[in-house]
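Report on one structure; see the data block that follows.
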There are 2 protein chains.
Amino acid sequence: VSLDPGVAGTATALGTVRVVGTGLLGTSVALGLTAAGGRVVLADSSPTALALARDLGAGQPDPGDLPVALVVVAAPPDVTAAVVLTELAAHPHATVTDVASVKAGILLQVAEGGGDLTRYVGGHPMAGRERSGPVNARGDLFLGRPWVVCGSPASDPARVDGVRQLSLALGATPVMATAQAHDEAMAVVSHVPQVAASLVAARLRVVDDEAVALAGGGLRDVTRIAASDPVLWAQILAANAGPVLAQLRALRHDLDGVIDGLAAIEAERDTANGAGTAAGARASVASVVAEGNLGRGRIPGKHGGTPTRYAVLTVLVPDAPGSLGRLFADIGAASVNVEELALEHAPGRAVGLVEVSVLPSVRDTLEHALQAQGWHVVS
Amino acid sequence: VSLDPGVAGTATALGTVRVVGTGLLGTSVALGLTAAGGRVVLADSSPTALALARDLGAGQPDPGDLPVALVVVAAPPDVTAAVVLTELAAHPHATVTDVASVKAGILLQVAEGGGDLTRYVGGHPMAGRERSGPVNARGDLFLGRPWVVCGSPASDPARVDGVRQLSLALGATPVMATAQAHDEAMAVVSHVPQVAASLVAARLRVVDDEAVALAGGGLRDVTRIAASDPVLWAQILAANAGPVLAQLRALRHDLDGVIDGLAAIEAERDTANGAGTAAGARASVASVVAEGNLGRGRIPGKHGGTPTRYAVLTVLVPDAPGSLGRLFADIGAASVNVEELALEHAPGRAVGLVEVSVLPSVRDTLEHALQAQGWHVVS
């Protein structure tokens, strides 16, 4: 395992980078650039937060007398635009970028505030949402993650490339997009899924323990991100209200179709005593699931390629240290690469079920190899 | 890894079991009972399906001259009640159960059809939905899975226990519930999550490839079950229309709250030029996410216990055969038990990120042990 060669050179070539805001993202940017040999100075409105970032090795507080080439604004979303404006004015030769997860509103506010749009290039590194605070900061937080770089029509192309180089220096994969396209994409791939997960999870508040105990892998998957921070998400959703509203209204239209279809089936059942021949209503319910099939099929597979259908082996493993080690050692000994995996624990039993996804061509080979080693392949 | 001791004895004690319908579930029941030493006879309206199940080793076609103790109806959901009625009449001393995933409607139809309710006990083994067809049948399909046993007030308690013994003979964990409670629970833990996943995935049909390429782990989790069979799900949702409608209407009420809140924020932004002080609207958006936190927190952890907060280590692994084997061997050598795990592939890079969840008390031990072996622990 090694980092992308040339990372150190790229960080050095950025010149002096000023990081404003030393929370999780700002401190991680600073740690990553420092580790790669870059020159980083720090600023934060809180002296305590600034001292913590320095103690974590993120860099020194900005002495104020160095020429700054690039400013990274990593402030909370609701003050990002104001800080960008301040930094553009204070550093008249620097490129200014930010890391907020919604982009069009900030661009609009920077324009309305009279900021120099040739030097402002928005950014969104897609990492770190699950944890927060500078103590969770890591120089390699962005490794292998997408980093959306949002130049505007007014942006100087050389400065857009500078922000792209920043993302590369931190090991991220730059993705170029307009602010509007970014926000509309986030509404679909991030913000609407968050709302849906929260709405489904909220239904669980009012059911009894016996019902919740029947929760399976499907419910766990759908509601995993429902554990997110409400205050942060209220800010994100509010900042992207337009695109999220458009998507949620479309979703509500589809939901109404399901509700109307089920209501028609229920009404017919009440009158026809169980006959249930509301064929049109059934078709409309089925069509929503079919449309979901099509949408799900568009999500890219690993490494950004087209989705691959893997063959899945389910293997029973005792819930004890070393079990997974033996299993994966045996898989490795069979020279089979694991494409995806999931661990599920059986209710009431001290065993786990491991779902191992492999290329279909090697499935049978692996099954025989594991059975020869005494593993119980369930399916 | 071994099966529950005493399984063979339990299967034998069931007496002759007649399995009606040799699809995935029926064939799996037959294979499991046969493997455990039970006596199984088969029936299916399709001679081809029946011959296939026999060839798979599930048992012999019912010769019709044996006294049957237990009938397992594994027909499609929309004909289950009719088949239960036929079997109750044809085998006047047998207990009759079924495996359909919605229960109250079938009980009602059996009662209305004049079936002997003392001998009918509904069942729902919660396994196998991802795959279908007899060729995917496995005798251990139900191992470690919940099997809901739905006696009615009219059921003979000894016959309810007989169906419970059937689930135990197949390695499942029996869960006792009324048909109504089962259906209401399924609406919340299975049917509404399916609809929500389909609705979110359906939004992906209309966005461009660049947007879909930004899909992260959250979207993948929320939409995983959106790949389900539309025709089967239309049957399931229609059969449980009442409880699903009640839950979907409550969900729509919450969704309307989010939409109204975002619309208020958007309207205020248009008038106040970016000021965005719609505090009440923001609070209502945040409250939906907060309610989702509460609901998500109710989902039981592994082994049915209370949810545990695990510490998560993210480890970078090369995407090559043997990598996971070495990683888990090293984890095992550190005598650390893996509680949950997930494999994520970085877009555009031939490396994977493995998220390993462990008890918080052993997190640092494991991190140091892995680093000593040369692993790159990302966070």
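General remarks:
- Folded to 0 to 90 degrees: helix B:192-202 orientation relative to chain B principal axis, Cα: 50 degrees
- Shielding of peptide B:181-192 by partners, expressed as the average count of other chain Cβ atoms within 10 Å per residue Cβ, is 5.
- Prolate/oblate/rounded label for chain A (Cα gyration tensor, a/c 1.5): oblate
- Copies compared at A:Thr48 - label distances in nm, ascending, label defined 7 Å from Cα in the Cβ direction: 7.3
- Per residue of A:369-377, other chain Cβ atoms within 10 Å of the residue Cβ number 1 on average.
- Across the stretch B:73-196, the mean sequence separation of Cα contacts (distance under 8 Å, 6 or more residues apart), normalised by length, yields a relative contact order of 23 percent.
- For B:Thr271, inter-copy label distances in nm, listed shortest first [label point 7 Å out on the Cα-Cβ vector]: 4.6
- Each of B:Ala197, B:Ala111, B:Ala329 was placed along the dipole of chain B (beta-carbon charges, centred on the mean Cα), and the one lying farthest toward the positive end is B:Ala329.
- Global form of the stretch B:118-233, assessed from the alpha-carbon gyration tensor, a/c cut-off 1.5: prolate
- When chain B is treated as a Gaussian network with alpha carbon springs shorter than 10 Å, the biggest mean-square fluctuation among B:Leu143, B:Leu262, B:Leu85 belongs to B:Leu262.
- Over chain A, Cα pairs under 8 Å with separation of 6+ residues give a relative contact order of 11 percent.
- Secondary structure note: in chain A, about 50% of the DSSP beta bridges are antiparallel.
- Charged-residue dipole, Cβ positions (Lys, Arg, Asp, Glu), the protein assembly as shown about Cα centre, Debye nearest 20: 660 debye
- Projecting 7 Å from Cα along the Cα-to-Cβ direction, the label point of B:Leu294 sits 3.9 nm from its equivalents in the other copies, listed shortest first.
- With Cα atoms, 0 to 90° folded angle of helix A:241-272 axis to chain A main axis: 10 degrees
- Nearest-20 debye value, chain B charge dipole, Cβ charges on Lys, Arg, Asp, Glu: 480 debye
- Helix B:24-35 and the long axis of chain B differ in direction by around 60°, with both axes built from C-alpha atoms.
- Alpha-carbon centroids, the stretch A:351-370 and the stretch B:155-186: separation in whole Å: 32 Å
- Prolate/oblate/rounded call for the stretch A:13-134, Cα gyration tensor, a/c under 1.5 rounded: oblate
- The stretch B:173-298, relative contact order [Cα under 8 Å, separation at least 6], %: 23 percent
- Test item: A:354-360 mean partner chain Cβ contacts at 10 Å: 1
- Loop-located trypsin sites (Lys or Arg not before Pro) across the stretch A:124-182 with a Cβ neighbour count of 16 or fewer within 10 Å are A:Arg131, with loop assigned by DSSP.
Only the coordinates and a few stated rules stand behind these numbers; no lab work does. None of the values given here were measured: they were computed from a predicted structure. Cβ: placed from backbone, ideal geometry, glycine included. Neighbour counts: every protein chain shown.
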